[in-house]
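Comments concern the structure below.
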Amino acid sequence: MKRAFVSMVAGMGLTAAALGSGCGAPQPVTKDEKTVVAVPENPLLAEFDTPLGVPPFDLILDEHYLPAFAAAIEAHKTEIEAIATSAEPPAFANTVAALDVSGSLLERVSRIFSAKNAADTNDELQAVAKEIAPRLSAHQDSILMDARLFARIEAIHEGRERAGLDPEQARLLEVTHRDFVRGGAELEGPAKERLAAINERLALLRVRFRENLLAENNAFRLVVDRAEDLAGLPESSVAAAAEAAAGAGLDGKWVFTLHKPSWIPFLQFSERRELRRKMFEGYIRRGNNDDERDNKEILTEMARLRIERAKLLGSPTHAHHVLAENMAKEPARVIDLLDRLWKPTVEVMRAEARDLAAAMKKDKVPGELRPWDWWYYTEKLRKQRYDLSDDELRPYFELSRVQLGVFEVARRLFGLQFLPREDLPVYHEEVRVFEVLEADGTHLGVLYLDYHPRPGKSQGAWMTSYRGQQRRDGRRIPPVVVNVFNFPRPAGDQPALLSGDEVRTMFHEFGHALHGLFSDVTYRGLGGTSVARDFVELPSQIMEHWAVEPEVLRSYARHHETGEPIPDGLIEKIRRSEHFNQGFITGEYLAAAYLDLDWHMLEEDPGEIDVNRFERESMKRIGLIPEIEPRYHSGYFAHIFAGGYSAGYYAYIWSAVLDADAFAAFQERGDIFHQDTARALREHILSRGNTAEPMDLYVRFRGAEPAIEPLLKKRGLAR
C-alpha cells in the first residue's frame with residue numbers, strides 16, 4: 001500500500017519510472033479490470049469505452065481531475081473501512097489481498113494525472129497538483145496509521161508460517177507489513193500526527209520544486225543575433241535555433257534553450273567560448289538564482305523534514321531509512337561501492353583534463369580549462385584521436401529508424417511484435433501508440449511513445465504506466481505503459497536525428513517499458529517496476545548494450561539521405577572510442593551520487609544551510625577536479641527532491657554492476673540474441689516484479705551474484 005501511494009504523491013513531481021499501484025471508486029462495481037461508477041459525465045470515473053481499455057484522452061479535460069480525485073479518495077475510504085471493520089478473523093484474502101485490490105479507481109486517476117502532469121502540464125494542472133498532493137499524502141497516512149488495519153496485518157504476519165501461503169502471497173504479506181511499519185503504524189499519538197504533517201509538507205514541496213524547475217527551463221534562452229557567433233555549430237542545431245527564434249517572434253536571430261537537443265550540441269561545437277560559458281552557467285544555476293524560482297529554501301526544508309521523519313521511524317538518517325528497502329540495505333555498502341569506483345575514476349578524470357588542457361593550449365586559448373570547455377575540447381579530441389565526432393554519427397541515427405532498431409532487438413530477443421494503433425486516443429498529437437503482441441499474436445500490452453520537448457514537459461526521459469499489470473480471477477490484466485523523451489525535432493529539411501547518447505536513452509527507457517510490459521504477477525502491488533530502486537535500472541541499462549553492438553547497428557543505423565548502412569569503418573571507430581571520456585561520464589555521475597548521500601546522511605537538523613557551501617564541501621571531500629561539475633547541483637536535482645531517488649541516485653551505478661554482469665551472460669555464449677538466456681532474463685527478472693528479493697531473482701537468472709569486473713572493463717577503469 002505505501003509503495004502505491006508514495007508513487008502517486010511523487011508522481012505529482014517528476015515521474016522518472018513507473019508509478020506504483022494502489023487505490024478506489026465511489027460505490028464501484030468491478031467488472032473485470034474496468035470499474036463502472038455512477039458519474040458517467042466525468043470520463044475518469046466512467047468505464048473506459050476505448051479499444052484495449054486505454055484512457056480516453058480525447059474526452060478528459062483539465063477540470064475533470066479534481067472531482068475525480070475527490071470521488072476516488074472517498075470511495076477508497078469506504079473500501080478501507082470495510083476491511084478494517086470486517087467481522088471475519090484476519091486472513092490473507094480478507095485483509096492483505098483485499099488491500100491490494102482496493103482503490104483501483106484512485107490508482108487509475110493518479111496514474112493518468114501524474115503522467116499527464118509530467119509530460120504535458122499547464123497552469124491548471126499544476127494547480128491541481130498543488131492541491132491534491134497533500135490530500136493524497138494525508139489519505140495514505142490515514143491508511144498506514146490505522147491501528148485497526150495494522151492489528152489485522154500484524155496477526156496475519158505473526159501466523160504466517162501456519163497460513164499455507166504460496167511464495168507470492170508470502171512476499172505480498174511481508175511487503176505490506178513492512179510498508180505499514182515504515183509508514184508509522186507502530187507510532188503513538190503526537191508522533192503519528194507529526195509524521196502525517198511532515199509527509200503532507202514534503203508532498204507539497206516536491207510539487208513546488210518541480211514547478212520551479214520547469215519554469216527555469218522555460219525561462220532561459222540564449223539569443224544569438226550575429227551569424228558569425230554560430231561558428232562550429234551543426235546545421236541541424238542552427239536550423240532548430242532559427243525555428244525557435246521565429247516561434248518567439250525573433251526573426252533573423254537564433255534562440256538556444258536548456259532543452260537537451262539545444263544545449264548539448266551548443267557546448268560540444270560552439271567556437272564562441274563566452275557563449276558556451278553563458279549556456280553552461282544557465283544550465284547549472286537552475287533553481288539557484290535567488291529569484292522567485294529558487295529552490296534552495298525548498299530543498300533545505302525537505303532535507304530537515306527527512307531527518308526528522310527518519311528519527312521518528314527509528315532510523316539514524318534518511319539514507320538508512322531508504323536503503324533498508326533496497327538491495328544495498330545500508331549506506332556503508334553504497335559508500336564502499338562508490339569509493340571503489342571513485343579512486344580509478346578520478347585518476348582517469350585527471351588524465352583526461354590534462355589532455356584537454358593541452359588541446360586548448362594548442363589552440364592558444366588563454367586561461368585554464370573550465371567546465372564549459374570540457375564538452376567542446378572532448379569533441380575536438382575525439383575527432384583527432386578516432387576521426388569520429390557526434391555530429392558525424394547523427395545522420396545514421398534518424399529517430400524513426402532507431403525506433404525500428406529497438407523493436408527489432410525486442411523481436412529477436414523475445415519474439416515481440418509492435419502494431420501501430422492510430423485508432424487509440426493520445427494526450428498530445430505527437431504521441432504514437434503501439435499494441436505489443438507476443439510472437440504468437442497474443443496481446444501483451446500497449447506502448448505509448450512521446451519523443452519531443454515542449455514547454456509543458458519536464459526535462460529528461462522516463463517510463464511510466466497508465467495501467468499496471470495484475471491478475472483478476474486468473475486472467476492477466478495487461479499493462480499500458482509510456483516512454484517519454486526530449487529528443488530533437490525535425491529541423492529545416494532534416495528529420496529528427498539523434499546523438500549516440502540519445503540512442504542509448506531510447507534503448508534504456510524501452511528496457512523500463514519491457515519491465516512493465518512483461519510483468520506477470522497476481523498482485524498489483526508487486527507488479528512491473530515496483531521493485532527496489534537499485535534494482536529497477538537493471539532492465540533498462542542492460543538494453544543499452546544492444547544499442548551499439550555492431551550486429552544491431554547494421555540493422556538500423558542507415559544514412560537518412562542515402563539509406564546506406566553505417567560503414568564498418570565507422571562502427572570500428574565507435575568500438576575503439578568506447579572508453580573515451582569515461583572519466584568524465586563516470587566522475588560527474590559519481591559526484592552527484594555522493595552529493596545525494598551527503599544530503600541524506602545528515603544525522604541532526606543543521607539549521608540554516610548554505611546550499612552552495614554545502615555542495616563545495618561535499619565535492620572537496622571527494623576530490624572532484626575543478627574542471628568538472630557534478631552532473632546535478634542541488635537546485636535542479638529533481639531525481640532526489642522531486643522524484644523517488646532520494647538517497648538512491650547511486651542506484652544507476654549499482655544496477656550498472658548488475659547489467660554489465662548480466663550482458664556478459666549473453667557474451668559468454670557467443671550470441672547476443674541467445675534464446676535460452678533471453679528466456680531466463682524474462683522469466684527470472686523482467687516478468688517477476690517484486691515477487692522475491694532482487695538478489696534472489698538475479699541469482700536465479702545468472703547462477704551467482706554479480707562481479708564488479710565487467711563494469712570496470714566496460715568503462716575502461718580496470719587496471
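Points worth noting:
- Dipole magnitude for the chain: about 1220 debye, using +1 per Lys or Arg Cβ and -1 per Asp or Glu Cβ, origin at the Cα centre.
- Ordering Ala664, Leu447, Val322 by the projection of their Cα atoms onto the charge dipole of the chain, which places +1 on the Cβ of Lys and Arg and -1 on the Cβ of Asp and Glu, puts Ala664 at the extreme positive end.
- Relative packing of 252-261, 342-351, 670-679, which averages over residues the other C-beta atoms within 10 Å, highest first: 252-261, 342-351, 670-679
- Residue-averaged [θ]222 nm for the chain, counting only DSSP H segments that reach four residues, each worth -39500 (n - 2.57): -16500 deg cm²/dmol
- Size of the range 220-284: Rg and Dmax of its alpha carbons, in Å, are 10.4, 28.
- With the convex hull constructed from alpha-carbon coordinates only, the chain shows a mean projected area of 30.3 nm² over all directions.
- Counting beta carbons within 10 Å around each of His684, His443, His512 and listing the fewest first gives the order His443, His684, His512.
- FRET efficiency estimate (nearest 0.05) - Cβ-Cβ, Glu41 to Ala82, R0 25 angstrom: 0.40
- Ala138 versus Glu347: modelled label distance in nm, points set 7 Å from Cα along the beta carbon direction: 5.8
- Pairwise FRET efficiency - Arg576 versus Arg340, Cβ, R0 = 35 Å, nearest 0.05: 0.85
- Descending semi-axes in whole angstrom, ellipsoid equivalent of the range 187-314, from the Cα gyration tensor: 43, 13, 11
- Amide H contacts of Leu444 (H built 1.01 Å from N, under 5 Å, at least 5 apart or other chain): Val436, Leu437, Glu438
- FRET efficiency estimate (nearest 0.05) - Cβ-Cβ, Ala439 to Asp610, R0 56 angstrom: 0.45
- Between the alpha-carbon centres of the range 190-234 and the range 145-162 there is a gap of 42 Å.
- Listed residues Ala353, Ala138, Phe407: farthest to the positive end of the dipole of the chain (Cβ charges): Ala353
- Rounded to the nearest 20, the Cβ-based charge dipole of the range 394-576 about its Cα centre (Lys and Arg +1, Asp and Glu -1) stands at 460 debye.
- Residue list for the range 447-487, given a label point 7 angstrom along the Cα-to-Cβ vector of Arg432 and an amide N cut-off under 11 Å: 449-451
- Between the helical axis of 582-600 and the longest alpha-carbon principal axis of the chain there is an angle of about 40 degrees.
- Coupling constants for the range 85-102 follow from the phi torsions by the Karplus curve (6.51 cos²θ - 1.76 cosθ + 1.60, θ = phi - 60°), and in residue order they are 9, 4, 7, 6, x, x, 8, 4, 5, 8, 10, 5, 5, 5, 5, 5, 7, 5 Hz; glycine and proline get x.
- Averaging the Cα positions of each part gives two centres, and for the range 586-657 and the range 390-451 these lie 35 Å apart.
- Length gained on full extension, Asp166 to Arg411: 84.9 nm, using 0.36 nm per residue less the C-alpha separation.
- Here the dipole of the range 594-671 is about 180 debye; that uses its Cα centre as origin and unit charges on the Cβ of Lys and Arg (positive) and Asp and Glu (negative).
- Within the same chain, lysines fewer than 8 places from Lys457 are excluded, and of the rest, those with a Cα less than 26 Å from its Cα are Lys116, Lys130, Lys253, Lys260, Lys278, Lys296.
Read-outs throughout are calculated quantities, based only on the coordinates presented, and are distinct from any laboratory measurement. Model, not experiment: these values are computed from the prediction. Every residue, glycine among them, receives a Cβ derived from its backbone with ideal geometry; neighbour counts consider all protein chains shown.
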